Amino acid sequence: MLLQYKTIKRAIIFSLMLVLSQITVQAQTTQPTWWFGVSGAANFNFYDGTTQTLNNSLIVPTAFHKGFGIRPYGSVLAEYRPAGIWGVMLNVGYDGRGGKFDGVVAPCNCDATLHTNTSYVTIEPSLRIAMPSSNLYFFVGPRVAFNIMNDFSYTQVKQVNTNSQLSDMRHTLVSGQVGVGYEIPLSSAASTTQINLSPFISYQPYFGQSPRSIESWTMTTVRAGIALKFGKAHKVISAAAAPMAVAPPVVADVTFSVREPKTVPLKRQVSETLPLLNAIFFEDGSNSIPSRYVTLSREQASAFKEDQLQEEQSVTMSGRSARQLNVYHNILNILGDRMRANPGVTISLSGAPAGDGKVMAESIKQYLVINFGIDASRISTRARSKPVNPSEHPGGNKELVLLRAEDRRVDIESTSPELLMEVGGGMMRPININATQTDPLDSYVILNVDGAKKQFNSWSVNITDDKGVSQHYGPFTNDQESVSGIKIVGDRPEGDYKVTMIGEGKNGMTVTKESTIHLIRQDVTIQKGFRYSIVFDFDRATTIASYNKLLIDVVSPLIADGSTVIIHGHTDIIGEEDYNQKLSDSRAQQSQKILESSLAASGKNTVKFETLGFGEDTSHSPFDNNLPEERFYNRTVVIDIIPGNK
């Protein structure tokens, strides 16, 4: 359905572009000041929000959320166009806003549908702005709509269809619109009766378009249509037509800059605080603990200590996910060790879904009792239809296989701080990992091409040293990318480099920009850095503010004046790419603001931040997206603290 919406929008825009390609007719009369006419259009109505209470006698079992419909629009119109670019428009007409909500499944496993047939009498005054020497014009103004129809039709398998009227409808809606149109003269330039055909398209956003005073149903409308207009002109003597000048191609407007590290460290010692998911995910059709989780014999369990997972490891940045997953896949052993060390602690194992949840929880309980010697009375088990914080939400109908795999799990619940810590949601108390990173983040050269996403199909860079040896990186599509300083400098102790950016413009032109960098290789392992990660539930309405205590009380005190803080936001691959990009940007930026405020309050004013959201970009994501735990760990903000060189 989403693809269908996008296709319709593209078809409308393409049609308008074809109209705009027509050549304007040279006027041999004065343009009329007043125009009158009629218009007809199609409303493309996009529904959002929540609709469940249809009227006082019908509350459907499953809420409806998104929907779509195409309905007619017709109006009579008047336009006043004095000399110049400014004018006013008025449309009064019938405005159809009906549509069909996306189908849902009721608790009885029955398909349910909801059609609406809402319509309005609408009054739409607009400011008209004409483009000089062109038949193109723009318009913007309010929309006042009076409800005249609020019918609906609800169907559910195994039940009688319901045709009635929606309750709690707002009688009057006040919203706005913005649009563009093009005047195509149908009469000759010498005629005093001017007739224009005017295709137009307008956008009416969701604000002010909540049809009901209850719940959160909103609609956004794209209107595409055509108007027929009549005006009275006066003859004038026209000058000979001048040849039309051909505008030169527009050069893509981008800014290219490069940020190099002061030195290129080959290695860095890092102390990473890793949040542990308090969940064990089970395979579909199996109630046994999956083999990817590390299970120990009694003898091995008796010798296991959580501290063993904190030992020094040497890893590359690309090996980070394997290191973290190895720690997480020891979750049962970490839990057993913590319960063994704290004999007064109790836990509850909550399994979902209801049919298998109890058996899944019992399999974990038996492992802890038999292999770690935990008293069975300290562990309670139960089944739930869904986890406390499920990934699948009512009304959702996309990527359900991935979401349901995340909900087939056993959650570990406890009130004990020895086991769990509340950091923006129930999580296992973090574990610290010591590692020596090769190719650390602060050794990377940052390439910024502001405007690349809008102007380029792709771009790449050639990095050339003072001996003429060139290295090629790309192609890229984002506004910001990074290249390993270690790969650039190689075995050389230092060097000067010319960085040439080549962008392939969407207008067919190639754009080239240059910059220079100087890199110094640093062979010794320098001062220890710190890393913290924040992990989010799927699409949960939890803002970064929930992590204030962690950021202010734990992370901020570790940041010394003169340090560099690198903040990267990521998401998994579920959902719309644009939404995930904005989500990761927002979380990363909010983290920076909280830390900046805390640092300023403590008198630290020389800390440098490098903050970026990568969305669901798999080339930068910390983990793959194959396993439920990998997707959970990809919903993250990663904070690296790099001490300043002394």
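The values are calculated or read from the model by the stated rules, or taken from the named source; none is laboratory data. Note that the coordinates shown come from a computational prediction; the quantities given were computed from them, not determined experimentally. Here the Cβ is made from the backbone with ideal geometry for all residues, glycine too, and neighbour counts use every protein chain on show. These area figures cover heavy atoms from the full protein model, side chains too; ligands, DNA and RNA do not enter into them. Shrake-Rupley method; radii C 1.70, N 1.55, O 1.52, S 1.80 Å.
Between Ser271 and Lys232, the simple label model (points 7 Å from Cα in the Cβ direction) yields a spacing of 8.7 nm.
Charges were assigned to the Cβ only: +1 to each Lys and Arg, -1 to each Asp and Glu. The resulting dipole of region 160-233 about its Cα centre is roughly 180 debye. For the listed residue pairs Lys528/Lys593; Lys467/Lys487; Lys467/Lys513; Lys262/Lys453, the alpha carbons are over 18 angstrom apart in Lys528/Lys593; Lys467/Lys513; Lys262/Lys453. For the chain, take the longest principal axis of its alpha carbons; what is the angle in degrees between that and the long axis of helix 331-341, to the nearest 10 within 0 to 90? Around 50 degrees separate the two axes.
The order of the peptides 348-360, 104-116 by mean Cβ neighbours within 10 Å, most packed first, is 348-360, 104-116. The residues of region 137-197 expose on average 48 square angstrom of accessible surface per residue, using a 1.4 Å probe on protein heavy atoms. Counting Lys and Arg as +1 and Asp and Glu as -1 over every other residue whose Cβ lies under 15 Å from the Cβ of Phe256, the net charge comes to -2.
Compute the helix-to-body angle for 577-601: its Cα long axis versus the longest principal axis of the chain, expressed 0 to 90° and rounded to tens. With both axes taken from Cα atoms, the answer is about 60 degrees. For region 466-483, 3J(HN,Hα) computed residue by residue from phi via the Karplus equation (6.51, -1.76, 1.60; θ = phi - 60°) reads 6, 9, x, 7, 10, 10, 10, 9, x, x, 10, 10, 7, 6, 9, 9, 9, 10 Hz, glycine and proline entered as x.
The radius of gyration of the Cα set in region 439-537, together with its Dmax, comes out at 16.1, 51 angstrom.
Atom-type composition of the exposed protein surface of the chain places 57 percent of the accessible area on carbon and sulfur (1.4 angstrom probe). Entry for the chain at q = 0.05, 0.10, 0.11 Å⁻¹: log10 I(q)/I(0) = -0.35, -1.11, -1.20, Debye formula applied to identical alpha-carbon scatterers, no solvent contribution. Think of the chain as a dipole: +1 on every Lys or Arg Cβ, -1 on every Asp or Glu Cβ, centred on the Cα centre; then among Gly208, Ile641, Ile567, Gly208 lies furthest on the positive end.
The angle separating the long axis of helix 2-20 from the principal Cα axis of greatest extent in the chain is about 40 degrees.
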